[in-house]
1. What is the residue count in the stretch 50-66 for residues that are surrounded by 14 or more Cβ atoms within 10 Å (Cβ to Cβ), more than 13 Å from the ligand (Cβ to nearest atom) and either more than 20 Å from the chain's Cα centre (by Cα) or not small (Gly, Ala, Ser) (or both)?
2. Within the stretch 133-142, can you find the residues that are surrounded by 15 or more Cβ atoms within 10 Å (Cβ to Cβ) and more than 23 Å from residue 99 (Cβ to Cβ)?
3. If you go through the stretch 123-180, how many residues are of a type outside the set (Gly, Ala, Ser), assigned to a loop (DSSP other than H, G, I, E, B) and within 15 Å of the chain's Cα centre (by Cα)?
4. Kindly list the number of the only condition in (1) modelled with pLDDT of 95 or more; (2) within 19 Å of residue 161 (Cβ to Cβ); (3) in contact with a Gly (Cβ under 8 Å, 6 or more places away or on another chain) that fails for residue 35.
5. Here are 69, 47, 85: which of them is within 9 Å of the ligand (Cβ to nearest atom) and either surrounded by 13 or more Cβ atoms within 10 Å (Cβ to Cβ) or without any contact (Cβ under 8 Å) to a residue 24 or more places away in the chain (or both)?
6. Among the candidates 138, 103, 132, 65, single out the residue that is out of contact with any strand residue (DSSP E or B) (no Cβ under 8 Å at 6 or more places or on another chain) and closer than 23 Å to residue 42 by Cα.
7. Between residues in the stretch 153-180 that are of a type in the set (Asp, Glu) and residues that are surrounded by fewer than 18 Cβ atoms within 10 Å (Cβ to Cβ), which pairs lie under 6 Å by C-beta distance while being six or more apart or on different chains?
Amino acid sequence: MKKILMTLLAVVFVGSAAFARQSEKQNRVLVVYFSATGTTAQAAEKLAKATGGELYEIEPEKRYTSADLDWRDKQSRSYVEMHDLKYRPAIKKKEVNMADYDTVYLGFPIWWNIAPTVVNTFIEAYDLKGKTVIPFATSGGSTIDNSVKELKKAYPAVEWKEGKLLNGMDVEAIRRWTTD
Ligand SMILES: Cc1cc2nc3c(=O)[nH]c(=O)nc-3n(C[C@H](O)[C@H](O)[C@H](O)COP(=O)(O)O)c2cc1C
């Protein structure tokens with residue numbers, strides 16, 4: 001009798017540990033971001049704190065210098081790249097197992113009212129099909145609306161959620177948004 005009871009207890013214990021592992025996996029959040037000058041990186045860090053998510057930085061093979069980012073200069077790297085929307089700046093290949101995550105936040109600075117094409121490089125390199133992807137951004141004033149519209153159009157197989165501009169938001173405000 002004691003043996004049966006012990007076996008039963010062991011089954012329940014192993015079962016609930018497996019269940020706990022499973023729900024842990026289901027709740028895993030990845031906060032992916034690109035940031036050229038640090039503002040979106042700060043927003044991503046706050047978002048990771050608010051959600052308990054893990055951070056993943058999209059790193060271009062070649063970092064953008066301040067000359068590269070001069071949007072008034074038609075010869076600058078960002079200007080040239082962003083005016084050829086098929087261009088895909090190379091990114092560093094880093095290990096990330098997308099299968100581990102159900103929800104992916106995807107953050108970027110707004111460039112010419114859309115997401116920088118380095119974000120497209122990331123989306124096309126990693127399989128986001130069927131995942132819930134929630135865009136976030138920082139900007140000098142533009143809303144995130146057009147950036148999200150263009151991403152939805154380019155990648156209809158991704159389950160896009162409404163995005164949010166996180167300009168100046170603190171961890172608490174970000175937490176309120178994520179739990180809305
Ligand atoms: C090349 C370039 C283009 C930009 N275009 C816009 C824009 O269209 N609208 C806007 O509000 N801000 C624009 N900005 C400002 C950035 O979106 C803003 O400074 C952002 O917070 C920078 O984020 P980061 O520090 O993570 O790179 C632009 C900045 C750069 C460098």
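The values are calculated or read from the model by the stated rules, or taken from the named source; none is laboratory data. Remember, predicted model here, so these are calculated numbers, not experimental data. Counting neighbours? That spans all protein chains shown, and the Cβs are built from the backbone with ideal geometry, glycine included.
1. The first filter runs over the stretch 50-66 and keeps only residues surrounded by 14 or more Cβ atoms within 10 Å (Cβ to Cβ), leaving 50-51, 53-60, 64.
Checking the rest, the ones that are also more than 13 Å from the ligand (Cβ to nearest atom) come to 50-51, 53-56.
Subset that is either more than 20 Å from the chain's Cα centre (by Cα) or not small (Gly, Ala, Ser) (or both): 51, 54-56.
Within the stretch 50-66, residues that are surrounded by 14 or more Cβ atoms within 10 Å (Cβ to Cβ), more than 13 Å from the ligand (Cβ to nearest atom) and either more than 20 Å from the chain's Cα centre (by Cα) or not small (Gly, Ala, Ser) (or both) number 4.
2. The first filter runs over the stretch 133-142 and keeps only residues surrounded by 15 or more Cβ atoms within 10 Å (Cβ to Cβ), leaving 133-139, 142.
Hits for the stretch 133-142 are 137, 138, 139, 142.
3. First pass over the stretch 123-180, keeping only residues of a type outside the set (Gly, Ala, Ser): 123-124, 126-129, 131-136, 138, 143-146, 148-153, 155-156, 158-162, 164-167, 169-172, 174-180.
So of that shortlist, the ones also assigned to a loop (DSSP other than H, G, I, E, B) come out as 126-129, 131, 143-144, 155-156, 158, 161-162, 166-167, 169-170, 179-180.
Add one more test, that the residue is within 15 Å of the chain's Cα centre (by Cα), and what stays is 126-129, 131, 144, 155, 158, 161-162, 166.
Total meeting the criteria: 11.
4. Checking residue 35 against (1) modelled with pLDDT of 95 or more; (2) within 19 Å of residue 161 (Cβ to Cβ); (3) in contact with a Gly (Cβ under 8 Å, 6 or more places away or on another chain), the one that fails is (2).
5. Working: 47 fails: within 9 Å of the ligand (Cβ to nearest atom); 85 fails: within 9 Å of the ligand (Cβ to nearest atom).
Matching residue, one of 69, 47, 85: 69.
6. Values: 138 fails: out of contact with any strand residue (DSSP E or B) (no Cβ under 8 Å at 6 or more places or on another chain); 103 fails: out of contact with any strand residue (DSSP E or B) (no Cβ under 8 Å at 6 or more places or on another chain); 132 fails: out of contact with any strand residue (DSSP E or B) (no Cβ under 8 Å at 6 or more places or on another chain).
Result of the check over 138, 103, 132, 65: 65.
7. 159/132
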